[in-house]
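Enquirer: I have a structure I would like to understand better, so I am pasting it below and will then ask my questions one at a time.
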Amino acid sequence: MKAQPTLLSDRIVSIDVLRGAAVLGILIMNIQSFSMIGAAYINPTAYENFEGVNKLVWILSHVFADMKFMTIFSILFGAGVILFTERLKAKGINSIAVHYRRTLWLLLFGLAHAYLFWYGDILVAYAISAFWVVLLRNVKPRSLLIIGLLVFSIASFLYLLTGIGLPYMDEASKQGMLESWLPNAEMINNELAAYRGSWLQQMDKRVEDSLMMQTMLFFIQTGWRVGGLVLIGMALYKWGILSATKSNGFYFKLFAFCLIPGFAIVGYGVKTNLLTGFSMEYSFFLGSQFNYWGSLLVSVGYIAVVMLIVKSGILKIIIESLQAVGQMALTNYLVQTVICTTIFYGHGFGLYGFMERKEQVLIVFAIWVFQMIVSPLWLNYFKYGPFEWLWRSLTYWHFQPIKRA
């Protein structure tokens, strides 16, 4: 049987809504990478004013958003792997062959996104994870959860091990870490000049940053974190948690047991990092682990809240808008890059490094409103977002009909 894409009628509303919330939520943190030097993302004291409203914005974004929405996005990617392969298998199609073809195109999209537009791309990490997690698609959910948590913990172990070994490192290695945590004035000025330049002038710095993200950072953190979360997502989908099929009581318990402890852990991390003045020796290593683990609990708590809202039928207009945003998640993710690089980079308005955190919030809200309005309007006339259509067409080797009848 010839492979065909999933019918629109087969979509799971709760997963689309979650995906929509996640793709909007990740902009809360990504805006900092678009608009400020890279070090400011991990160390808020590395650049510009960290007092008053700016400090409050960082605290709120760190507690409620940092790693949380990317965690949900990664969990949903894992659910998507199971959904995709199961539906093709049910039709008697070689699901693995189509999955790998689909994943290869995602990898190429991610590479183009990173090297031509923005180094902070996450699609490459998803694609690399998709190449191997699919081999575990038939594993029982409990085992998937355990394996996922073990893989997820490797990055934490590596960070803690590096922190313990810091006093024994040579001075050159320690200085390199310090400069990535707290760059000097010359390094800051060079980064500002690079991204305030033309598209071609940005290329050397963008390639350098993308390579760092896809090599060193991938092997130390991103690869383990994403891979582990994708496996956890596969388990949660198999248990029916992501499709809103569990009872309200189940989701209330999930909310209570995950969201409250998660916020407590993240909040404690914020407190200790502030008390230590974001010293590299503490905050880069042990201090970062409270959010690393707490964000997983908070994210599952967020999922429980969304499932309860979807099941209740309240906030219908917002839910329908989020569902549309989620159906066009790839397009909306890439459009966020186009909008933000146009605002901040030199080939556009050149505001890189000029906008404080409190001002970045306005850009985030504006993009949210834009995408929550445009996505439903687009889907009134078309079946898929433009990049979803392109991805499907390349996956199935023929152009998919995009216009609604």
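Bear in mind that the values in this text are calculations on the coordinates, not laboratory data. Note that the structure is a prediction, hence the values are computed from the model and not measured. Don't worry about glycine lacking a Cβ; one is built from the backbone with ideal geometry, like all the others, and counts go over all protein chains shown.
Enquirer: Dividing the convex hull volume of the alpha carbon atoms of the stretch 66-196 by its residue count, what do you get in Å³ per residue?
Expert: Expressed per residue, the convex hull around the Cα atoms of the stretch 66-196 is 153 Å³.
Enquirer: Set the Förster distance to 51 Å, then compute FRET efficiency between HIS398 and MET203 from the Cβ-Cβ distance, nearest 0.05.
Expert: 0.90
Enquirer: Tell me, how many Å apart are the Cα centres for the stretch 172-187 and for the stretch 10-32?
Expert: Centre-to-centre (Cα) distance: 34 Å.
Enquirer: Right, another one. Using a 7 Å offset from the Cα along the Cα-to-Cβ direction at both GLU186 and ILE314, what is the distance between the two label points in nm, to one decimal?
Expert: Here the answer is 5.8 nm between the modelled labels.
Enquirer: Please identify, among ALA256, ALA193, ALA114, the residue showing maximal mean-square fluctuation in a Gaussian network model of the chain using a 10 angstrom Cα cutoff.
Expert: Among ALA256, ALA193, ALA114, the largest GNM mean-square fluctuation belongs to ALA256.
Enquirer: Specify the angular offset, from 0 to 90 degrees and rounded to the nearest 10, of the alpha carbon long axis of helix 357-381 from the longest principal axis of the alpha carbons in the chain.
Expert: Approximately 10 degrees, to the nearest 10.
Enquirer: Among ILE15, ILE122, ILE318, which one moves the most in a GNM of the chain with springs linking Cα atoms closer than 10 Å?
Expert: Ranking ILE15, ILE122, ILE318 by mean-square fluctuation puts ILE318 first.
Enquirer: Working from Cα positions, state the angle (0 to 90°, nearest 10) between the long axis of helix 316-327 and the longest principal axis of the chain.
Expert: For 316-327 against the chain, the angle is about 80 degrees.
Enquirer: From the square roots a ≥ b ≥ c of the eigenvalues of the alpha-carbon gyration tensor of the stretch 194-332, which class results: rounded (a/c under 1.5), prolate (a/b over b/c), or oblate?
Expert: Here the stretch 194-332 falls in the oblate category.
Enquirer: Ranked highest first by the average count of other Cβ atoms within 10 Å around their residues, in what order do 44-50, 65-71 fall?
Expert: In decreasing order of mean packing, 44-50, 65-71 become 65-71, 44-50.
Enquirer: GNM, the chain, Cα, under 10 Å: largest mean-square fluctuation among LEU390, LEU236, LEU60?
Expert: Taking springs between Cα atoms under 10 Å, the residue moving most is LEU60.
Enquirer: Please report the equivalent ellipsoid semi-axes of the stretch 114-265, computed as sqrt(5 x eigenvalue) of the Cα gyration tensor, largest first, in whole Å.
Expert: 36, 21, 17
Enquirer: Give me the angle, in degrees from 0 to 90, between the Cα long axis of helix 199-214 and the longest principal axis of the Cα atoms of the chain, rounded to the nearest 10.
Expert: 80 degrees
Enquirer: Label ARG142 and MET216 with points 7 Å out from Cα along Cα→Cβ: what is the distance between them in nm?
Expert: The answer from the label model is 4.3 nm.
Enquirer: Let me ask something else about it. Using helices alone, I'd like the mean residue ellipticity at 222 nm for the chain: each DSSP H run of four-plus residues gives -39500 (n - 2.57), total over residue count, nearest 500.
Expert: The per-residue figure over the chain is -23500 deg cm²/dmol.
Enquirer: Going 7 Å from the Cα of LEU108 along its beta-carbon direction, which residues of the stretch 378-405 have the amide nitrogen within less than 16 Å of the resulting point?
Expert: Counting backbone N atoms under 16 Å from the label point, the list is 387-400.
Enquirer: Compute the distance in nm between two label points, each set 7 Å from the Cα along the Cα-to-Cβ direction, one at PHE354 and one at ALA97.
Expert: Spacing of the two 7 Å Cα→Cβ label points: 5.5 nm.
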